[in-house]
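As C-alpha cells, the structure follows; a few thoughts come after it.
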Amino acid sequence: SGIAGYDYYIDHSPDTVPGNQHLWTAENHLRISDDQALQSGIWYFHTVPVDEVGNEGAAAHFKFQIDLGAPHTAIRLEKNSNRVILEAVDSLSSVGATYYRINGDAYHAGSQFFLPRKGQHEIDYYSVDELGNEESPKHIVIEVHRHNTFFLLFSPLNLYPFEHRSVVDKDFAL
C-alpha cells in the first residue's frame, strides 16, 4: 500500500507525535487550526506518514521560527563625548540595519554619529530586522548649549528618558 497522507501537528514541543487531528494529502492544503494560531516564537512541525490502510510510519520533527515583531532601538550618549550610539536588539531575528536622520535630512544607515555643535537638533531613528520587520521611527530633541568648556545635552522627558549629561568638546571654538 502507498502513502495516503501525513498526520501533522504544530506546537512548541520538540517531540510531539501527531495523532489523527490533521491529515495532509495531495488533494488538500496544510491548514493551521485556530488552536494553533502561530505567534512569534520557536515552533515545531511534526509529521507522520499514514498509508492507505491506516498504518503510521515514524514521526519526523522540524523546528522553525516565526518573528512578527520589530526590533527595538535605544539611544544613548557616549560618556565624555558628543557621539550618539543607537543600540538595536531583536529577540528572535538579527537586526538588519539601523537608520537615523538629523534635523529632517535624509536617513543614513548606521549605529552611531556625532552631534552637530550648537543648537537644537531633532533626531529620528529606527531599525529593521533581517526579516523586514520595521520599527516605528522614534523622535528625540537634543539641545546643545555652551557652558564653560562643556556642552549640556538634554531631551524632554516625555520623548525619551535621556539623562542630563555633559560632554567635553575639545575642538569647540567661538
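Taking region 95-145 as the region of interest, the strands (runs of 3 or more DSSP E) fully inside it that hold 2 or more residues being at pLDDT 95 or above, aromatic (Phe, Trp, Tyr) and out of contact with any helix residue (DSSP H, G or I) (no Cβ under 9 Å at 6 or more places or on another chain) are 95-102, 119-129.
Summed over region 114-135, the residues that are in contact with a Leu (Cβ under 8 Å, 6 or more places away or on another chain) and farther than 23 Å from GLN65 by Cα give a count of 3. Number of residues in region 45-60 that are of a type outside the set (Ser, Thr, Tyr) and in a strand (DSSP E or B) equals 8.
In region 61-74, of all residues being part of a strand (DSSP E or B) and touching a residue at least 24 places away in the same chain (Cβ under 8 Å), the one that is nearest to the chain's Cα centre (by Cα) corresponds to HIS72. Scanning region 106-131 for residues that are open to solvent by less than 50 Å² (accessible area, probe 1.4 Å), within 25 Å of the chain's Cα centre (by Cα) and either among the small types (Gly, Ala, Ser) or more than 14 Å from ILE75 (Cα to Cα) (or both) yields GLY110, SER127, VAL128, ASP129.
A quick yes/no check of all residues on (1) surrounded by 11 or more Cβ atoms within 10 Å (Cβ to Cβ); (2) touching a Cys at 6+ places or on another chain (Cβ under 6 Å); (3) closer than 24 Å to SER91 by Cα:
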position	(1), (2), (3)
HIS12	no, no, yes
HIS22	yes, no, no
HIS46	yes, no, no
VAL53	no, no, no
LEU77	yes, no, yes
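Could you tell me whether region 75-86 includes any residue that is assigned to a strand (DSSP E or B), modelled with pLDDT of 95 or more and not aliphatic (A, V, I, L, M)? Within region 75-86 (the criterion being assigned to a strand (DSSP E or B), modelled with pLDDT of 95 or more and not aliphatic (A, V, I, L, M)), the answer is no, since none of the residues qualifies.
Every condition in (1) open to solvent by less than 30 Å² (accessible area, probe 1.4 Å); (2) free of Cβ contacts under 8 Å to residues at least 40 places away in the same chain; (3) hydroxyl-bearing (Ser, Thr, Tyr) is met by SER94 except one, and the failing one is (1).
The values are calculated or read from the model by the stated rules, or taken from the named source; none is laboratory data. Everything quoted here is computed from the prediction, not taken from an experiment. No Cβ is skipped: glycine too gets one built from the backbone with ideal geometry, and neighbour counts run over all protein chains shown. When the accessible area is computed, the model is the full protein with side chains, heavy atoms only, and any ligands, DNA or RNA have been set aside. Shrake-Rupley method; radii C 1.70, N 1.55, O 1.52, S 1.80 Å.
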